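Undergrad: Before I ask anything, let me first share the structure, which is written out below as structure tokens.
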Amino acid sequence: MFLKPRLSAPAKRRLRRTLAFRLTAAYSVAGLLLAVLATASLYVMLRAELDRSTELFLADKLHVLRTMLQERPDDEDGLREEIELESAARRYQQFYIRLLDEHGVPILTTPGMADQLNVTQLAGLTRNLSDRSITMMGNHGRPFRVASAAAPVGTPPGAIDTIQIAIDTSQEEALLARYRVWFWAILLVTSVLFPLVGYRIARQGIRPVEEIAATARRITSTNLRERIQAEGYPSELASLAGTFNEMLERLEESFERISRFSADIAHDLRTPVNNIRGEAEVALARPRTVDEYRDVLESSLEEAVRLSNLIGELLFLARAESPLKQVQRQKVDIGELLSTVREYYDATALGGGITLITAPNAPPITAELDRSLMLRAMSNLVSNAIVHTPPGGTVTLAAAADGEALRIEVADTGTGIPVEALPRVFDRFFRVDPSRSKASGGTGLGLAIVQSIMTLHGGTAEIASELGRGTTVTLRVHTAAKR
Ligand SMILES: Nc1ncnc2c1ncn2[C@@H]1O[C@H](COP(=O)(O)OP(=O)(O)OP(=O)(O)O)[C@@H](O)[C@H]1O
Ligand SMILES: [Mg+2]
């Protein structure tokens, strides 16, 4: 029977694409590699060290025996002790020595050597193995390291004997075998442990990202209050969360502005329509004279003009926001522009007892601007100034050029604007005193239009005002169109 795979193929593919899976795989592979590298290199080092110490022991023994044979060839007791007795006293690392004469006949042999080792195999060894030992299996399955060396007897040498040493290395082999068991055990544990630990770490690291995603999913246009709680996040993700929160802040603000704007539009459109409707209803309630009908029609026309102006301004603002809106730049004589505006408002100013002046410019300033748009912006500013300046006041139009920068100012000595209202005067439908402005017919779109005209030109509009002393609006723009 086949075991059914627990995950379907697409599910597996999806899992492989998750960040947690990739991180876990990377941690596990790196951890396992590190464990293999560390344990394997320790094993190799241990093996080399054990080999070296065996090798040293053999070389040392050979050296002692050769010196004895060379310098005290007749000291048979000394040799016997070295070859027969010393080894017997050892419990670990048993070693066996035999001394052969020139014809290969053993002279001295450590007791038990013939039992442990295949002596015929030993006899076949070359005489000179002293600088390099070989490994040989003993009769009881124990590994031995064997060295063999020629040993001149007496000085000058009378004969050449052969010394053969075999040392039992089963302890070392057992140690290495135990090490190998540990090695595999460590690998087994790490190959289970690393993925588990790695997965935990990866999940922990990714949790903030998931929380950000969950917050983003919860957000709708009616639920822009949501913010990501970034406490305890690592700094990279905290800054991501911060950026996200700032974006939400901006979205919430613009949504609020848009909904306030729509409410204002609805209100401002309803008023004239209701007026027309009310007048028509009253007029139709009973028969009227021709003059009465005329009055109603005139009043309706007035409301209709107001309505159509309002719609025109809204359309203008909406179009100004479109990236396709182009300004028709042409060379404009700024002095002439200001005079045109002044002439247009002279009569109104005179009627209100206000002095309207343009500060003369010498030399004349010219700039590449959209003349009709600039006329509209200036008109909005001058009409505001005249409306808010009491009789006896002055409204001044001035312009100055500083290199490429053009500055146009409309200053009045009127009522001024309270400080708290200043930041909002460029907002659509904003009026400092709605009731009063209503009477004078203001809709609160004039300054918004001025600002969007300046934005279209790549310029700015600023307002400074002091209650009871007057207001100055400053328009800044480049004299030459930037390409
Ligand atoms: N020169 C000024 N002096 C005093 N207050 C001003 C001046 N200009 C603007 N304001 C204030 O700023 C508000 C907004 O001005 P804005 O021109 O946008 O709208 P409005 O004049 O009320 O209406 P609209 O210009 O659309 O007919 C005005 O209602 C007024 O309270
Ligand atoms: Mg206005």
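The values are calculated or read from the model by the stated rules, or taken from the named source; none is laboratory data. The structure displayed is predicted, hence computed values, not measured ones. Here Cβ is always computed from backbone atoms with ideal geometry, including for glycine, and neighbour counts include all displayed protein chains.
Undergrad: For the range 364-377, indicate whether the set of residues that are on the phi > 0 side of the Ramachandran plot and either more than 16 Å from ligand 2 (Cβ to nearest atom) or not hydrophobic (A, V, I, L, M, F, W, C) (or both) is non-empty.
TA: no
Undergrad: Also, I was wondering about something else. Would you check if residue 172 is acidic (Asp, Glu) and in the same structural domain as residue 93 (by TED's automatic domain parsing)?
TA: So residue 172 fits the description; yes.
Undergrad: Give the residues of the range 27-57 that are without any contact (Cβ under 8 Å) to a residue 24 or more places away in the chain and among the small types (Gly, Ala, Ser), sorted by residue number.
TA: 30, 38, 41, 48, 53
Undergrad: Quick check, is residue 481 of a type in the set (Gly, Ala, Ser), in contact with an Asp or Glu (Cβ under 9 Å, 6 or more places away or on another chain), touching a residue at least 60 places away in the same chain (Cβ under 8 Å) and farther than 18 Å from residue 354 by Cβ?
TA: yes
Undergrad: Continuing with the same structure: What are the pairs with Cβ atoms under 9 angstrom where one residue, in the range 379-393, is under 11 Å from residue 411 (Cα atoms) and acidic (Asp, Glu) and the other, located anywhere, is surrounded by fewer than 22 Cβ atoms within 10 Å (Cβ to Cβ) and at pLDDT 95 or above? Sequence gap at least six, or different chains.
TA: none
Undergrad: How many of the residues in the range 84-113 are outside any loop (DSSP other than H, G, I, E, B) and modelled with pLDDT of 85 or more?
TA: So the count comes out to 11.
Undergrad: Residue by residue through the range 225-244, note down the ones that are under 15 Å from the mean Cα position of the chain (by Cα) and under 11 Å from residue 215 (Cβ atoms).
TA: 230, 241, 244
Undergrad: Of the conditions (1) in contact with a Gly (Cβ under 8 Å, 6 or more places away or on another chain); (2) within 12 Å of residue 335 (Cα to Cα), residue 398 satisfies every one except a single condition; which number is it?
TA: (1)
Undergrad: Can I ask one more? Does the range 424-431 contain at least one residue that is more than 49 Å from the chain's Cα centre (by Cα) and within 15 Å of ligand 1 (Cβ to nearest atom)?
TA: Looking for residues that are more than 49 Å from the chain's Cα centre (by Cα) and within 15 Å of ligand 1 (Cβ to nearest atom), one finds none in the range 424-431, hence no.
Undergrad: What residue, among those in the range 425-455 that are within 14 Å of ligand 2 (Cβ to nearest atom) and surrounded by fewer than 16 Cβ atoms within 10 Å (Cβ to Cβ), is modelled with the highest pLDDT?
TA: 433
Undergrad: Could you identify the single residue in 277, 288, 260, 306 that is in contact with a Gly (Cβ under 9 Å, 6 or more places away or on another chain) and surrounded by 12 or more Cβ atoms within 10 Å (Cβ to Cβ)?
TA: Selected residue: 306, the only one of 277, 288, 260, 306 that is in contact with a Gly (Cβ under 9 Å, 6 or more places away or on another chain) and surrounded by 12 or more Cβ atoms within 10 Å (Cβ to Cβ).
Undergrad: Might you let me know whether the range 389-411 holds any residue that is more than 43 Å from the chain's Cα centre (by Cα) and within 7 Å of ligand 1 (Cβ to nearest atom)?
TA: No, that holds for no residue.
Undergrad: Next up: Here are the criteria: (1) surrounded by fewer than 17 Cβ atoms within 10 Å (Cβ to Cβ); (2) among the hydroxyl-bearing types (Ser, Thr, Tyr); (3) touching a residue at least 60 places away in the same chain (Cβ under 8 Å); (4) more than 13 Å from residue 66 (Cα to Cα). Tell me which single one residue 133 does not satisfy.
TA: Answer for residue 133: the failing condition is (1).
Undergrad: Can you give me the number of residues within the range 448-464 that are assigned to a helix (DSSP H, G or I) and under 16 Å from residue 478 (Cβ atoms)?
TA: Adding up the residues that qualify gives 4.
Undergrad: Just a yes or no: is a residue in the range 374-384 over 19 Å from residue 455 (Cβ atoms) and within 16 Å of ligand 1 (Cβ to nearest atom)?
TA: yes
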